[in-house]
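A short write-up of the structure that comes next.
Laboratory data are not the source of any read-out in this text; all were calculated from the coordinates shown. Note that the structure is a prediction, hence the values are computed from the model and not measured. Note: ideal-geometry Cβ built from the backbone for every residue, glycine included; neighbour counts use all protein chains shown.
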Amino acid sequence: MCQGRRNQLPSWRLSAFLAVLVGLWGLDGANSLVQLAFGVPLLYEPRNSLRLATGMGFGLTIGIVLYPIYHFAMWRKVIERPVLEHEWHIMVPLLTGAVWVVALLAWETAPFALWTTVVSLAVLAVLAMVNGTLTALLLHKEGFADSWPEIVPYLLAGLLAALVEMGILGALRRLVMG
């Protein structure tokens, strides 16, 4: 089930399923925010395990949507077919995400530093890819690369931008939260 360099978004049915995952993430986040702001949950008592599961669904959705956009922006030769062409293909990322969630929840003695490092690196990688893709699009370089070395400068620019973004967000958090 190799996806190759596909540059089209998933089918409308699969996109609707992904929208449900985003909606669950948003609902869980709103419920948690109401609990934090007012001391009373909107629908249910927030739990980190549920936040982890809905966050994983949102993260998978972002990855599935960004995958074809990245290929469109970077590669000259792409496969003109949708990512996850068949609905059952969604099972691979869903099961992979479920394994990560179960591993995180089951390993109760896991070092906090390990998980924060893994999550931080994942966020950094996604931001670097998004910023590198945006750099190529803003410079009107769509579909320019035939090999990885041609992409490296854009990914490095994306990494630099991601580090700056994360630094600014960290500084803002420190200002607001103390």
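Sorting the segments 87-96, 63-72, 114-123, 19-28 by their mean number of nearby beta carbons within 10 angstrom, highest to lowest, gives 63-72, 19-28, 87-96, 114-123. Cα convex hull, the stretch 88-178: 162 Å³ per residue, rounded to a whole number. Axis of helix 48-74 versus longest Cα principal axis of the chain: the two differ by about 10°, to the nearest ten degrees. Where only DSSP H runs of four or more residues are counted, the chain gives -25500 deg cm²/dmol as its mean residue ellipticity at 222 nm, each run worth -39500 (n - 2.57).
One chain, two ends: residue 103 and residue 85. Fully extended at 0.36 nm per residue, the span grows by 3.6 nm beyond their Cα-Cα distance.
For the chain, the equivalent ellipsoid derived from the Cα gyration tensor has semi-axes of 31, 22, 16 Å, listed largest first. Based on the Kirkwood approach, the hydrodynamic radius assigned to the stretch 4-74 is 13.5 Å, with every pair of different Cα atoms included.
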